[in-house]
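This report concerns only the one structure given below.
Coordinate-derived values only; no laboratory data. This structure is a prediction, so every number in the text was calculated from the model and none was measured. Quick reminder, even Gly has a Cβ in these numbers, built from the backbone with ideal geometry, and neighbours come from all protein chains shown.
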Amino acid sequence: MPEISASLKMFMNLNIVQTLMVKKFDSRLSIQGISMTDFLILYQLGEAPDEKLRRTDLADKIGLTASGITRVLAPLEKIGLVRREANSRDARVSYVKLSVAGRRVLTEACIIAEEIAGELLTNVNNKRLSELTKALAELGGTIG
């Protein structure tokens with residue numbers, strides 16, 4: 001077997017941890033009827049000015065393509081957690097806006113997500129957590 005670099009090992013481990021984390025988040029957030037990706041979308045909208053973002057900006061913030069965000073948003077729109085909003089100045093631009101129901105689900109999901117994060121990180125001290133958060137931001141993470 002070929003020897004692999006520390007960098008490649010880190011990315012492989014990051015992928016494994018991410019998969020395990022998403023599985024845990026998805027199973028517990030399903031109580032709210034959402035997935036981890038849905039939660040990220042609702043969170044980004046909740047943090048945005050006027051709780052709305054252009055679809056392309058939202059896709060960039062959560063690491064999806066334009067077509068990927070469209071596929072993920074369709075069910076969220078159907079169940080009323082987000083809605084489309086037209087741009088009054090440019091008909092080619094549409095926004096995704098957090099609905100009242102979406103805000104309520106986000107608030108409840110944040111409580112669950114905080115519990116999960118706490119469970120997953122019980123053995124990580126604050127200094128290491130801060131360093132890891134900074135490293136992930138340097139790699140393209142968008143949550144500060």
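Observations on the structure shown:
- Relative contact order (percent, whole number), the range 1-75, Cα cutoff 8 Å, 6+ residue spacing: 16 percent
- Loop sites in the range 1-84: GluC sites (Glu not before Pro), DSSP, at most 12 other Cβ within 10 Å: GLU3
- Summing +1 for each Lys or Arg and -1 for each Asp or Glu among the other residues whose beta-carbon sits under 12 angstrom from that of ARG84 gives +4.
- Here is the list for the range 60-96: trypsin sites (Lys or Arg not before Pro) lying in DSSP coil, each with at most 16 other C-beta atoms within 10 angstrom of its C-beta, are ARG89, ARG92.
- Over all Cα atoms in the range 28-95, the spread is summed up by Rg and Dmax: 11.9, 41 Å.
- The shape of the range 21-138 can be summarised by an equivalent ellipsoid whose semi-axes, obtained from the alpha carbon gyration tensor, come to 27, 17, 12 Å from longest to shortest.
- The chain - percent relative contact order, Cα under 8 Å, separation 6 or more: 21 percent
- Ranking ALA117, PHE39, PHE25 by Cα position along the charge dipole of the range 21-138, where only Lys, Arg, Asp and Glu carry charges on their C-beta atoms, puts PHE39 farthest toward the positive end.
- The range 1-75 and the range 82-130: distance between their alpha carbon centers, rounded to Å: 11 Å
- Charging the Cβ of each Asp and Glu at -1 and of each Lys and Arg at +1, and nothing else, the dipole of the chain about its Cα centre rounds to 340 debye.
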